[in-house]
């Protein structure tokens, strides 16, 4: 497995365009500031070589990314939201690199980077376990015990800034590994691969428990179930759904066993206060918002809870970008949905469609109570997977030609 990280392997199996993408994927497992720095460097280099411009010429509706980012940057400067201005540039960088990814992705590269992400998730989990042992030692606990802590500094985050961001990355890792299991044609013949994937899922689920992130579990369950439904594995879906129901009944009958149950009311009330501040500001700035990170910019005005965002995927985009801002990026999003729908109609790779849909479902379930998708690593990984329908760009192009 580990030969796939060799430089000679990369040179002989991938173009120099694709090697840029591989470096970007590896960077996701570095601290977020290093990941962001590498993405900026790669994008600027590709811009200098004219590759980014070519991506914008080839990808339909991609110019709306520029309109959206520029509008966001202007609005941020107007309201003196300087963090928002920096985020607007970051959004442009990441989305521009994703366009480059779309024109150079193929089946071999997608298989390679997904394998790498799965392998690297093991190292992230091992790092998280070392971190957890350090937390236990800080409480003078010398033996390994499973303890769920409330304090943010006592919840493992590996290399992903905080526990909630790491939890969302784990959701993606588990879903991606489950996708690989669904791609196995004969488990009896490929039983070693199956055991490897099951072990990776088990390890990631264990460290997910140590992150103490409650929202991740229903999001992950929803993502897996949707993947099975879209890929038409109804019997497996019924079995997993039964396990989910049993788990729910168990926690209803034994509420003290639910992770961090002692602060669940206070947690929800804090969220409700954050949402109230967000709604008040949306009412006063409905058209353009005040740029990314608006909540952090405005919460002192409302004496709100201090935090970076509105902890809701349903509120924060409207709070930050307003109705006009969201409509500006809508044509690009709609174009992507159309291409994904065409791929599903073609029945070329329904498991890939199922993976993309499951990732999206997970962020909308997790996003009810948090906004962990708005981060360098989580956002970048989601955008890469969600844009991977262009693995089959030739089939999509042929389908569009026939329609014309």
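Only the coordinates and a few stated rules stand behind these numbers; no lab work does. Everything numeric in this text was worked out from a predicted model, so none of it was measured. Cβ placement follows ideal geometry from the backbone for every residue including glycine, while neighbour counts extend to all protein chains displayed.
Round to the nearest 0.05 the FRET efficiency obtained for residue 33 and residue 284 when R0 = 35 Å and r is the Cβ-Cβ distance. Intermediate results must be reported in sequence, preceding the final value.
Numbers: r = 33 Å, r/R0 = 0.95.
Once the sixth-power term is evaluated, E becomes 0.60.
Would you mind checking region 317-340 for residues with the amide N under 16 Å from a putative spin-label position 7 Å along Cα→C-beta of residue 63? Inside the label zone: 328-333, 335. Can you bin region 156-250 into rounded, prolate or oblate? Criterion: square roots of the alpha carbon gyration tensor eigenvalues sorted a ≥ b ≥ c, rounded for a/c under 1.5, prolate for a/b above b/c, oblate for the rest. Oblate shape, in that a/c is at least 1.5 and b/c is the bigger or equal ratio.
With q set to 0.19 Å⁻¹, the log10 of I(q)/I(0) for region 1-65, from the Debye formula over equal scatterers at the Cα positions, is -0.88.
Sort 34, 168 by Cβ crowding within 10 Å, fewest neighbours at the top.
Arranged by neighbour count, lowest to highest, 34, 168 become 34, 168.
Working note: 222 nm ellipticity from helices only, DSSP H runs with n ≥ 4, each -39,500 (n - 2.57), summed and divided by the residues of the chain, gives -24000 deg cm²/dmol to the nearest 500. Would region 63-215 count as rounded, prolate or oblate if I go by the C-alpha gyration tensor, calling it rounded below 1.5 in a/c and otherwise prolate when a/b exceeds b/c, oblate otherwise? It comes out oblate by the Cα gyration axes. Build a GNM of the chain with springs between Cα atoms under 10 Å apart, and of 123, 268, 68 the one that fluctuates most is 268.
In terms of other Cβ atoms within 10 Å, 145, 111, 51 run from fewest to most in the order 145, 111, 51. Label sites at residue 54 and residue 16, each approximated as a point 7 angstrom past Cα along Cα to Cβ, lie 1.1 nm apart. Pair-distance distribution P(r) for the chain, from all Cα-Cα distances in 10 Å bins starting at 0: 4, 20, 32, 27, 14, 3, 0, 0 percent.
What the Cβ-Cβ distance of residue 351 and residue 126 gives, at R0 = 25 Å and to the nearest 0.05, is a FRET efficiency of 0.30.
Build a GNM of the chain with springs between Cα atoms under 10 Å apart, and of 141, 368, 91 the one that fluctuates most is 141.
Averaging Cα coordinates gives a centre for region 213-244 and one for region 36-70; these two points are 36 Å apart.
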